[in-house]
Structure formats: structure tokens, C-alpha cells
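Single-structure report; data block below.
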């Protein structure tokens, strides 16, 4: 005597994006906060020390925002022209910025006026950064030169003239005082290069496109460069051997950023996307969409927030949801107190020497299954058509209809309904008949309903309206299918003409021509 | 039948056992079933077939116990003989020829005399009651044995046919007839289907086609008879039976629900649902403890016991051999695959493929398993189920099952609904063992063949690998019929009507096409081992062709009508079954030469559609040329009447006979491994006792006699301590220790125990030992263990019984 086998609910593959750990992680941010700046946001830099303020360089100003306030904590406005590249020193006390007017300014974070002004460049300074010993400043300028300044004396220590083009990006090593890397803009024929310096240039790497952004890994063994549509990763320890070239953006990549644990690489681009790469496989694991082209991107320590600056001067801030908030999402699955009763003793696992007396597991049947077991077909269908099931889990309703059809009792279950019952049934059909997953089952049911109730059509306005609606939708669906077939036919023609015809060695018969022609004709009829 | 001297076609079970109702012996230990040309005797406790009663040359049509001797049984057969058997030993006692074919046989007990009734249908259905004193002829009797019954101690006989019920009283020599209208008002059919009579009361129960049961009373009067109606069944009542005391009436039908009605309180009824298939017969054992129902799917169910046997049903899948368990796999219960052990002629288990509630209703289209295939390693099983309704489209499911090491069964991995648009014609796995990926190819009537491959999904890490479609192939919109992989998995041959296309599974390129018109290809087989360059195919136009794949040319062909071609997976041999004039011939050949290795004319009557090469457990090493093909594997085939046949050699048969003789045991005790162990032990004990009588003092006593083991074996298993605890004790008791060390052991033992009792026994022991010598040795040796064991026994096990009561 076998036990009753419950109705099998077909599990349909989930369409759309697959839920991975990465998507869960990167989606766990609150709704974005938009702040309008005065001009395009060219640089964002987080202070390395708590409370992790960040400096936003936009047009002629540098604003410093706190981690939670949406108003600037501080602003530096004493620039004569567009400011560039506001960066914090590693102790978070000093901030350096370049300017279009070729003067490099050094600010105290708490002050207002520049502490020092470094004059020596002849053109706009786009790159500024502190070296790792925090007593020197590296600057790169459009005058093709790159200089090293002493902070206290405001004197130029060294100048590097090896570049043959505008210097637009640079990065200093956090481990080695004397190592820094700069990238340059392309104007002339020779391919753009960027240089790594240890007092003099030690390495020249060819990116192939104007370099927009540079990033050193925390270990400093790998260098990431962005230029054109490419993001390239170089192994510095192997004399700058290229590791991978990523082409996931369709416009120029403008900024790069590493997640706090160094396992994910983020790149922002003019194509309005920020992509998250896995740094071991270099596959895109997540993607953020923004409203405008992205110029700058920064991640707060511990990935607490993502800050993105765009060409239209909008600063986009996303804060990570804290633990309580993210728990609130799963609050729907929060267990009721009665859950404890059901789980009591179930989570105890027998130890090695325990004598286990197993109790037969009681088979729990859904309500519709209980009714099906008793052959109460109409009731089972009613249960399956209850509002929650019908709306949230139509596959259950369809499975019950299918099961009834299999038992040959679908007609009995559908018949004998009043206006309300019938309209509920029709409502379900209207909603799901055109779902390709359910269509084969529901078409049979719809035919049966029409057969059964054709004699009473016209007696109820509700039912009539729904039937008209069903008809309308059917017509629309037929038109749609026809269009699809037409497109398919067009595509077939395109493929047939583009694919080379391959000859197969055939030992005997050769009636291929006639057959292929026949096939073509059939397709025409179908379209 | 025998042609080659030593190769013989042997019946290997699998015939119908549900054609006639079974008989339970009076002590409820044995069950006798008519099965083909023999009567099978099953044990009710172990469900094993104990032996066959062979001798009839026709279909056995009835079995019944001899009323005067409970150990004897009559059987009658279509060959016109009635035989008397001693069924416990399987000895034919006597036989009598009746002359005409007996269709059924009934009997009843009537004090000392008994009546043996045979129905002769050829004689226009009149009935002959043969007895020592009585004989009566009733005319117009149904051929169904269920429609005849003897009432209350053989006073009357009831027979039903069509719409008439006839009761014949032997004493009065009078018969009464009662008839019903053909249809009642609601259009129900009143035709009688079965009859049962109450053992003590004057009451007859009749079953009807519309599912009603009528209870007739007062039928000894022509006019004043009454009947009451019971109605639960929704379709035909196929069997009725009263329990021996007459308190209950059992009924069964297509619904496969056994209904128990209380006699005189018919509103109370009990149900036993979902018995697996439609009930055809119900039998109650004489003590009323066992019910046996036999079902239309050829199974017997002993209620309060397990299913005895499910054997070969109508088949839609091919026969296959599970590479892991070496069991034959075929359709079982509806929607199941059964694993059937060839060695033991026993059902191993049923695998539920469809996983849906089976609705027992006639005329309902259900899912049927139509195709199944195994990989070479037995790790994967693919199954196809389909359901075809008249006005709806075909429902197809392709399911892939992975063998789970932990649960030792197949677990569903992937379900592909609607893998093809039309019926799947063939399916095969890539049989090469060294390839990393597993591949399945299915061909369908929709003109495509599809390759399915096991792949891990790229995104989600938590899900295991699942199957997905890798390639869809077609050839000029012809319908593919069969497909096969070469032995190394580098080639795939798919036949499209007259054309065989050869593909490379790695690149899915069409390599070449072969054809030999006219006639569509029926079967395709790649050669194995040294013949792997050959591809053998059979066509519908009586042609057997062999292509050489190196030259892509026809190597040889012969004209023979082959219904079935299959290749032995372990050797180069191929077998072809050729139907000819109502019989089937078998040819075994190697693809590299057109001369058959072995041929056998008329292996069976009718067509052979299913056959399989089952690998042997141990290889034979016969060197005779004609029987060499049986060395690696054995060929099994199914005849039209679902008998499973095989080929054996004389040497093998002799060996099997010898083996079976060893296994002959007393069937009064259930044949279990534990019984074998205990039985041997008991015999040895007896032997030992007799040995002691003859004063063979030199002999060391056998350890089995020790008290510890006795204790161990007598203690109920559920209160024994864990095996790890008992093991050391057991091992020690098996050791034969030296006497000196023994005394030392005793000393230390006593020191530890330091009980007065012990000291007393010490005082008593020496004279005892002197007297009994070796006999007490073992007992004293294990004294400590015995004590330990007693202590364990004394432990409070009350909690356990309370748990069990729950």
C-alpha cells in the first residue's frame, strides 16, 4: 500500500538576473542621495582617518562632506580657476589640490586659506598626490612635466621631463617613498605611455589609449590602468607584463576604485555604468547604472558608501544599509512564536551511542491535495483558485488544473459554477493564459469552460465582459505571434544567405536539393 | 529445440501468476499460484519461490487443495490432465487425463466426500460434476472461475453468467434461476462478474459490472428470494471473498482498493487503498490472518506481509541491465521502473519515475515510462515518460537520475519537460568511460535529434550540475529512428529513414552518410573491441548490412528479416533475432565476418522484440566454438507471452544443479541467513552431544556450545548492548585457550569479584571438572562474560518498552 503522492508542482526556471552573493552585497545600499555641485565632479577622495570625510573636487571648489551629512562640512573656494585632484594626506590633516592656473595649493583641513602654494608649473596641474613619507608632494601638469615638492619649504625637489604629453593621472606608492606612476594624455602619433619612477623612470608601459586613471593594488604588485574602453591590469613585479585587458564598457573608462577588502575592482565610465569585477577571475559580477556619464568614483572604507561624481555636476551618494535595516528586509520571513512549537526537538541530532527510535514522518498534504485524495475535484479547484495562490503562485493553480485534466475530471470540476466562481476562473485565465509556461494547460481548460457555459452566455454582464476581454487578448496574442513568425522568417533568410553552405561527403543518395526547397516553402506558409 | 548439443533455451521465470486465483495452504505457510505451465509454491513469510511443480504441458488453469489431505493439491491444465501433487515436497502423486481441456476447477468439502468439478468449455459450456457419488450437469456456465462458488458445506453450487444466477442444490437435485434486468433506470449494467457464498449462512454475494454488490438470501424459494445491494465501487467488482468465519466480506476491483464489509452491518466498511494495480483475485487464508490479493500487473500482495513478486508486465521500454546492480531493468508498476534480479528471479526494487498519484480508472490515459537508458558506469539513468491524450498534445518528460551513493538509489537530477515536439524514438548515452562529460542523445519523430550534456551552471555555485541541450541536429527533415555511439564515444550514428548519418560529437560535424536503399533502417549497432570500425544495421527490407567506417563503404550484407539486433557490450558478438514463419531464429555473429558463430532455429514461437545481453558475474571458460559467445555475457529475451528465456550451456546447468542441491533446506523454517547460522549451530550441538556420549574426551569442544553465545543468541536483539561492546566477548569465546592460562585467569577474576558465591563455586568446581572434563571447560572459561551479560540483561529496559508502546 503506497502512500498518496501529492500533486507535483512544476518548478520553472527563474528568469532574469541570477542572485549571487555579489548581487546581494552590492544591492545592500540605501536609496541614493543626489547633491548638486557647481560643475562636473572630477575627483572624489576619502580621508584615510575616521570619520572618513571625503573631498569632492568640482569646478572651482573642493567640498568636504562628512559621512552622514548631506551638506558640506567644509569648502575650499579660493581657487582662481578649475580645481583638480583634491587629495588627503595619509593622516587626514592636509589636503592638496591642483588648479587650472598651474598653482598647487596645500590646505589644512581645518583652515580656510592655503597653507602653501607651489608655483613652478607653467600649465594646469591635473595630478597631485602625497608621497608615502607624507613630506613630499607629487604633481603632474599639462606642461609635460612632473615635479616633486617638499612640503615645509615649498621648494621643488625634482622635475621629470620625460613625458611628451599632458600628464592627466598619477598615483604614488604607499609602500615606497620613491615610487610613483603617472599616465599621460595622447595628442600625437606615438602611442601613449605611462611611466613608473623611482627618482628616474624605471618602467614604461604602453596602454594603447590615453590613460584616464591609475590604481595600485594594496600589495603594489599589480597596477590597474584605465584608458579608452579598456581596463588593463599589469604585473609590476614581472617588469610590467600585462595580465588582463577588460573590455566591458562601451565608452571611455574614467575612474577606478578597489573595494576595501581588495577582492573587487570597480570601474566607472562615460557610458554611465559602474562595473564591479572579481579580482581573481576578472569577470563582471555586478553593475550599477547611473543617470549621467561618470567622471569620478570612490568607495568609503569598509564599503560603507559609494560616491559617484558625474559630468552634470551631480554627486551620487549611496550608504550601506546597516544590519537592522537589512534584517528588516527579511522580516517577512520572521518566524512566528508558534514556530518554536513545531521545531521543538526536531533540531536535536542523535549522538553516536544513542538508541534511535524513529517515528514515521507524518505526510503533510496541502489542502487541495487532501481534497484531491478524496476525489473532491470541484473543491480542490476552488482551493487552488483562492486569491493568494492565484495571484502569488499561479503555478500551483495550473498544476491542480493539470492534475484534474490528467484524472479526466477537469470538466466536472469546471462545471456547475455560479457567476462569482466563473468570473474568478475567467479572471485567472485572462491573467495567465498567455504565459507560455501555462498556455498548454490553460488552453484546454478555457476550451472546456466555453463548451460548458456557452448556453448561459448573455445572462451575466460580469462574465460577458470578461469573455470579451479574453477574446480581445487572444486577438492581440495572435497578432503578436504572427509578427514574431515574420521576424523569424526574416532572420532565417539572413542566416541562410550569410552561412556558407557546407558540402557533406555523401556516399549514396543526393536528393538534398528537392528537400531543402520543400522546407523553404513550408516556412513561407508558416509566416 | 536443442540444436548445438549443449546450448539450451531455458525458461527464467517471468510468466503470469495472476491468471488464476492463488491458494493458501491450510497452515498459511505456503501459497500456490498457477504460473504458465507450472505451479509455483511461495513461502508466505519470506516471499521466496520455494519450488515449481512442473509436469503439465499446457497452461495451468486451476489449483486447489485436496480437501481430504491438506498437504496435497490438485492442478488442472489446458492439456487435459488433472494432477495431484504433494506440494511441500513438490512430488507428483498421480495424474488423470480428463480428455478435454479443463478451463477451471472448483471443489468443496462435504463431510468425507469431495467433488472435483471441471468445466469443459469446448463442450459448449456445460458442466461436469465428477465425484464418487454425485454428478450433475449444469448448462450454460461462465468460463470465469470467479463466477462459480460452492455454498455452505457443499450443499449447493452457485453459478452466474450474464444476467442469470443459478443455484443448484445437490440434495434436492433442483436448480433455481434468478435473473436481473439488463439495465436499470440509470443505465447501470447489472451483469454478474463474480460470486461468493457465505460459509455458514445461506447468503450469496454477487458482484456486478456497475460496481454493485448484491447479497442474496432466501434463494431456496423460487419467488420469495430477497436481495440487498451494497454500493461503493465505481466500476466492475472483479473479486469477492468471505472470510472463513463469515464475519467479513472482501471485495476488490479496478480501483485497487480492498474493501472490507462487515457482514450484517454493511454500513461499516474498511478500506485499504492504493494497492498498486487493479485487484483480480482475493484469497483469505484458512485461519483468516492473511489476505492475498493478486493484481492485474502480475503481482501478489500479502496483506500484513509484503509484496511477493512483480514480474514482467506489458513492456514499452527496452530491456536493460543496470551496470551497477547487474539487475535487469524494465517497466514495473505504472510509472515505475523495476529492477529485477536475474540471478534470483526476484524484484529488487521499484523506482518511481513519474512521481504522480496513479488513478486507477479504466480508460484513463496515464503517464507511461517509454524509454530508459543507463550510462556505462551506472551513474546516470535517463528516462522518458509520455502521455498521449486524444485531443491534446503529447506530454513528454525527459528525466535524468543520478545514482546517490549514500541512499544507494537513483535521485532525480534534471527534469526536461517537452524535450521534443513529438515522440522520442531512441535514446542512448555516450558509452565511453574516459570522456569527462556525459552525453545523452535522443531522437524524435519531430525530425530532430538532440544532444544533452551535463554542465555546471556558470553563476550559481550552490546548485549542482544539471543537464542542458547541447546540440540540435537534423538531416533533410527526415525522421531519425535510432542512434548509437561508437565504443570510444568519438562517433555518433543516427539513422534517418534510409540514411545513416555519422557525426562527431566533439564538434557536431556531419562526417559522412551511409545508406543502402531501399528500406528504412531499423536497428544500428557499432562493433565493439576489435570490430569497432564496423557499423551494423538492419533495414526494414530484410537486409543486414555491415559498413566499414574506415573506408565508408559497405563491407558485406545478407538478406535476412531481422526484428532485433543487439551487440554484446563485453565482446565483439552481435545477436540477431529473425522471425520466420511464426517462429524466431537467433544468429550470433561477429561483424568482421558474415558467417554466423552460432545459430539456433526456432528459439521460441512468436516474435522476439526485447532482448538483452546481461554480463555474467563470473566468466565462463568454455572453449567450444559454438558456446564461446556465452562466456562473457548471457543473452536474455522476452517472448510474446512475457516469458523470460535465456541460453545456458550444459556445463553451467550442471553447476547450477549442484549449487541448488546444496541449498535445499528444511522449508518449515524461513530461509534467512540467520537461520542458516543457527540451524548449523543446532546441528553441531546435537552432534557434539552425541560425541560426548561416546566419550571422545580428546576432542576440543566447539566454541558455539559456550554459554556466552547461547546467552547472546537467546537474548532478544533489541535489548542487547551495542555490538562493539559484545564483540570482544564473542571473539574471546571463540578462542581455544590453554588450560594453564585459564586457571590464572580464573584467579584474577575471583580476586576482582571477591564474592562468596564465587568462592563456593571454587570449592565445588574441582570434582566437577574431574568428572566432566572438557565439557565444562568452555562454560567456566566464559563465566565472567556470562556474568557481564546477565548484568546487562538485568538492566532496566522498562523505558524501552514504554517508548515502543508509544
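The values are calculated or read from the model by the stated rules, or taken from the named source; none is laboratory data. Small disclaimer: the values here were computed from a predicted structure and weren't measured. A quick note on method: Cβ atoms are made from the backbone with ideal geometry, for glycine too, and the neighbour counts reach across all protein chains shown.
Considering the stretch B:249-279, and only residues there that are without any contact (Cβ under 8 Å) to a residue 40 or more places away in the chain and crowded, with 21+ Cβ neighbours inside 10 Å, the residue that is nearest to the other protein chains (Cβ to nearest Cβ) turns out to be B:275.
Answer yes or no as to whether residue A:51 is within 14 Å of another protein chain (Cβ to nearest Cβ), assigned to a loop (DSSP other than H, G, I, E, B) and out of contact with any helix residue (DSSP H, G or I) (no Cβ under 8 Å at 6 or more places or on another chain).
Details: within 14 Å of another protein chain (Cβ to nearest Cβ): no; assigned to a loop (DSSP other than H, G, I, E, B): yes; out of contact with any helix residue (DSSP H, G or I) (no Cβ under 8 Å at 6 or more places or on another chain): yes.
No.
Just the residues that are within 35 Å of the chain's Cα centre (by Cα) and at pLDDT 85 or above, please, taken from the stretch B:481-520. Listed by number, the residues that qualify are B:481, B:482, B:483, B:484, B:485, B:486. Number of residues in the stretch B:399-428 that are within 14 Å of chain A (Cβ to nearest Cβ) and closer than 23 Å to residue A:443 by Cβ equals 5. Annotation: of all residues in the stretch A:12-48 being more than 26 Å from the chain's Cα centre (by Cα) and exposed (fewer than 15 other Cβ atoms within 10 Å of the Cβ), the one that is nearest to the other protein chains (Cβ to nearest Cβ) is A:48. Going by the structure shown, is residue A:436 out of contact with any helix residue (DSSP H, G or I) (no Cβ under 8 Å at 6 or more places or on another chain), assigned to a helix (DSSP H, G or I) and either within 14 Å of chain B (Cβ to nearest Cβ) or over 28 Å from residue B:385 (Cβ atoms) (or both)? Considered against the rule, which asks whether it is out of contact with any helix residue (DSSP H, G or I) (no Cβ under 8 Å at 6 or more places or on another chain), assigned to a helix (DSSP H, G or I) and either within 14 Å of chain B (Cβ to nearest Cβ) or over 28 Å from residue B:385 (Cβ atoms) (or both), residue A:436 comes out as no. Filtering the stretch A:367-420 to residues that are outside any helix (DSSP H, G or I) and over 25 Å from residue A:459 (Cβ atoms) leaves A:374, A:375, A:376, A:386, A:393, A:408, A:409. When the test is whether a residue is exposed (fewer than 15 other Cβ atoms within 10 Å of the Cβ) and farther than 29 Å from residue A:5 by Cβ, residue A:423 does not pass it. The residue that is farthest from residue B:332 (Cα to Cα), counting only those in the stretch B:376-392 that are more than 13 Å from every other protein chain (Cβ to nearest Cβ) and surrounded by 20 or more Cβ atoms within 10 Å (Cβ to Cβ), is B:380.
In the stretch B:343-369, the residue that is nearest to residue B:386 (Cα to Cα) out of those that are surrounded by fewer than 19 Cβ atoms within 10 Å (Cβ to Cβ) and away from chain A (no Cβ under 14 Å) is B:348. When B:612, B:603, B:608, B:588 are checked against the criterion of being touching a strand residue (DSSP E or B) at 6+ places or on another chain (Cβ under 8 Å), crowded, with 17+ Cβ neighbours inside 10 Å and assigned to a loop (DSSP other than H, G, I, E, B), a single residue qualifies: B:608.
The set of residues in the stretch B:218-238 being buried (at least 16 other Cβ atoms within 10 Å of the Cβ) and assigned to a strand (DSSP E or B) consists of B:227, B:230, B:237, B:238.
One line per residue, one yes/no per condition, for (1) in contact with a helix residue (DSSP H, G or I) (Cβ under 8 Å, 6 or more places away or on another chain); (2) more than 21 Å from residue B:287 (Cα to Cα):
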| residue | (1), (2) |
| --- | --- |
| B:175 | no, yes |
| B:194 | yes, yes |
| B:199 | yes, no |
| B:215 | no, yes |
| B:223 | no, yes |
| B:231 | no, yes |
| B:235 | no, yes |
| B:240 | yes, no |
| B:256 | no, yes |
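The residue of the stretch B:330-342 that is farthest from residue B:279 (Cα to Cα), among those that are within 11 Å of chain A (Cβ to nearest Cβ) and part of a loop (DSSP other than H, G, I, E, B), is B:335.
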